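Every read-out reported here was derived from the displayed coordinates using simple, explicitly stated rules and does not represent laboratory data. Since the structure is predicted, the reported quantities are computational estimates derived from the model, not experimental observations. Positions of Cβ are backbone-derived with ideal geometry, glycine not excepted, and every protein chain shown enters the neighbour counts.
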Ligand SMILES: NC(=O)c1ccc[n+]([C@@H]2O[C@H](COP(=O)([O-])OP(=O)(O)OC[C@H]3O[C@@H](n4cnc5c(N)ncnc54)[C@H](O)[C@@H]3O)[C@@H](O)[C@H]2O)c1
């Protein structure tokens, strides 16, 4: 890594801290930051170890020392801020959801491709080594014909009417809360591992707390349940919720085929289960026995547990490799993947609102950006 790859940060909260640690681990220079106001900017600069703060995004973008900008702000700001970064000719990592409408996400994909910048979205669960192992085993045909996928992403941090956050308010989060926020990770992970595409879906949504402390009327959903059909003919169920007691960040997928089934739980990411009719194998994160892509992402020897920040560090390291070499490493989630999640979010909300099955347009949903950036 070139030691002076310059990082600019937008936001100073939870994810700005995660991104900053990953940027530092990759050997980049933490140049400057803008957060919500001058006081928050100064505090975040000090806490996250940046060299300076700026009064505005425009000032940050005018700094020639900044090569890549990480957008870690509330969802409705992503489109405008990421577009400004692209317009300034800088590389961009924009948090999920990439945008609050698929139309905006589509514009960002095209703008990034036209500008020739690297544009990535942190679907960082892809960077657990055993997720790569699961993907490699599906690709090798070990599961047989894909038949069923069951996935859940469950949390409990909004389990009381007293719990509130900007994420509850459509003004900051857009038309979908829980699906855009964590359903986006779930569908990305499933499509990444299977290489399959959800073609049609139907959904129901639920707002358990119609009012919350500090919010007049809550218009965003607490939970969504979906039935889905894949291009391959596989069927599945998905459930996402932020109001399930005891569940903290339970992203879990079961992928079944005619020969075998895989099970991965991101709260227990050092294990991958491979079930057969006769027996089950618990696959451990032991690099010498894993596929090359999974082994590549093992940051420490097995028995020394890796977790969320490690996966995030690998994601950011791959983005910086793409910036430095112009070659996008296999599996890097780009703005095209952010668009895909935005389309699935819109489809899920349309299905829930109409009570109908919704089909995704396979042509636009699979839009890819170039593998090699000039
Ligand atoms: N990839 C992941 O695994 C993951 C996990 C959690 C959150 N996220 C995403 O990250 C984003 C940020 O979430 P968070 O948990 O860090 O939220 P947060 O509330 O902790 O932080 C948001 C930050 O944005 C700042 N901010 C507000 N307006 C701003 C502006 N105009 N310019 C610059 N900064 C501004 C706030 O001051 C705050 O520091 C969200 O879009 C969320 O969906 C992603």
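Observations on the model:
- Cut-off 12 Å (backbone N to label point 7 Å along Cα→Cβ of residue 354), residues of the stretch 183-202: 201-202
- Exposure proxy order (Cβ contacts within 10 Å, fewest to most) of 189, 48: 48, 189
- Entry note, the stretch 231-364: relative contact order of 9 percent, from Cα contacts under 8 Å with a spacing of 6+ residues.
- Cα gyration tensor category, rounded, prolate or oblate, for the stretch 6-91 with a/c compared to 1.5: rounded
- When you restrict to C-alpha pairs under 8 Å that are six or more residues apart and normalise by the size of the stretch 214-276, the relative contact order lands at 20 percent.
- Gap separating the Cα centres of the stretch 231-284 and the stretch 303-343, nearest whole Å: 22 Å
- For the chain, the share of DSSP beta bridges that are antiparallel, to the nearest 5, is 65%.
- Efficiency of FRET from Cβ geometry, residue 46 and residue 200, R₀ 45 Å, rounded to 0.05: 0.35
- The chain: C-alpha gyration tensor shape, a/c 1.5 cut-off, then a/b vs b/c: oblate
- By other beta-carbon atoms within 10 Å, ranking 191, 199 with the fewest at the front produces 199, 191.
- Note on 77, 98, 33: ascending count of other Cβ atoms within 10 Å places them as 77, 33, 98, the fewest first.
- Paramagnetic label reach from residue 65 (point 7 Å along Cα→Cβ; backbone nitrogen cut-off under 16 Å): within the stretch 1-36, residues 3-10, 24, 28-34.
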